[in-house]
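The values are calculated or read from the model by the stated rules, or taken from the named source; none is laboratory data. Treat the numbers as computed from the prediction; the structure is a model and nothing was measured. Here the Cβ positions follow ideal geometry from the backbone for every residue, glycine too, while neighbour counts run over all protein chains shown. The accessibility values were calculated without ligands, DNA or RNA, using every heavy atom of the protein model including side chains. Shrake-Rupley method; radii C 1.70, N 1.55, O 1.52, S 1.80 Å.
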Amino acid sequence: MQVAIVKYNAGNIYSVVNALRRMGIEPLLTDVADELRKADRVLFPGQGEARGAMEYLKARRLDEVIRDLKQPVLGICVGQQLLCRHSEEGDVDCIGVFDAEVKRFQPQRHEDKVPAMGWNSLYYLKSPLYEGFPESADQQQAAPYVYFVHSYYVPLCADTIATADYILPYSASLHKGNFYTCQFHPEKSGKVGEQILRNFMEI
């Protein structure tokens, strides 16, 4: 299986490369359209600022390439946000796979810190991305615990397949067609994150 990672001006890409290597997968880090199209799986990770990332992607027409991919695609962190229609971060139009607007967290209490940074639980899970995990914390098993670092979030919407709660409930994960996303960092989320990545490889 050929796994490609979208190479662009975003941080944290190499932590995903290393996570896949720990799983025995040697990914291809590329910004070449044909290599992305030919891959069996594509990961679109990153940390950074939405406007600068979109300017880089559009200058190379990678936004169009990503939007038109037919194989399973996994957006991670900023990758999730860039797959949405618009982001408040830099007031920029994004790739538009998901009809959602990315919004900035607005602290409601003194203890609400932005960015949201640390471990948090996932609830109301659905889709093959979460195969083997309990659907809800109401069940006897504990909810999956994963690692987040973000100042912006995707509101709950029709494409939400996992919910997290910080200041308000929001989309921790999305799914539409062949596109899947994680707002959290599976590559930094221990065994839970590794299982989510393995599930993605098996979709």
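Restricted to region 145-203, and to residues that are assigned to a strand (DSSP E or B) and open to solvent by 40 Å² or more (accessible area, probe 1.4 Å), which residue is nearest to Ala19 (Cα to Cα)?
Tyr147
For Val97, state whether it is within 15 Å of the chain's Cα centre (by Cα) and farther than 17 Å from Ile5 by Cβ.
Judged against the criteria, Val97 is a match.
I'd like to know if region 4-24 contains one or more residues that are free of Cβ contacts under 8 Å to residues at least 24 places away in the same chain and farther than 23 Å from Lys191 by Cα.
Here is the first cut: in region 4-24, the residues free of Cβ contacts under 8 Å to residues at least 24 places away in the same chain are 14, 17, 21, 24.
Checking the rest, the ones that are also farther than 23 Å from Lys191 by Cα come to none.
No, region 4-24 contains no residue that is free of Cβ contacts under 8 Å to residues at least 24 places away in the same chain and farther than 23 Å from Lys191 by Cα.
Spot the failing condition for Asp112; the list is (1) in a strand (DSSP E or B); (2) at pLDDT below 95, and only one is missed.
(1)
Out of Asp31, Asp68, I need the residue that is over 20 Å from Met201 (Cα atoms) and among the acidic types (Asp, Glu). Which one? Before the answer, list the steps.
On the way: Asp68 fails: over 20 Å from Met201 (Cα atoms).
None of the other options fit; the residue is Asp31.
From (1) open to solvent by 20 Å² or more (accessible area, probe 1.4 Å); (2) of a type in the set (A, V, I, L, M, F, W, C); (3) closer than 24 Å to His150 by Cβ, pick out the condition that doesn't hold for Val6.
Evaluating Val6 over (1) open to solvent by 20 Å² or more (accessible area, probe 1.4 Å); (2) of a type in the set (A, V, I, L, M, F, W, C); (3) closer than 24 Å to His150 by Cβ leaves (1) as the failure.
Restricting attention to region 101-121, which residues are basic (Lys, Arg) and exposed (fewer than 15 other Cβ atoms within 10 Å of the Cβ)? Spell out the reasoning first.
Step one: list which residues in region 101-121 are basic (Lys, Arg), which gives 103-104, 109, 113.
Answer for region 101-121, where residues must be basic (Lys, Arg) and exposed (fewer than 15 other Cβ atoms within 10 Å of the Cβ): Arg104, Arg109, Lys113.
For the subset of region 1-10 comprising residues that are part of a loop (DSSP other than H, G, I, E, B) and of a type outside the set (S, T, N, Q), which member is modelled with the lowest pLDDT?
Only one residue tops the list, namely Ala10.
Tell me, which strands (runs of 3 or more DSSP E) lie completely within region 11-100 with 3 or more residues that are buried (at least 23 other Cβ atoms within 10 Å of the Cβ) and not polar (S, T, N, Q)?
In region 11-100, the matching strands (runs of 3 or more DSSP E) lie at 41-44, 73-76.
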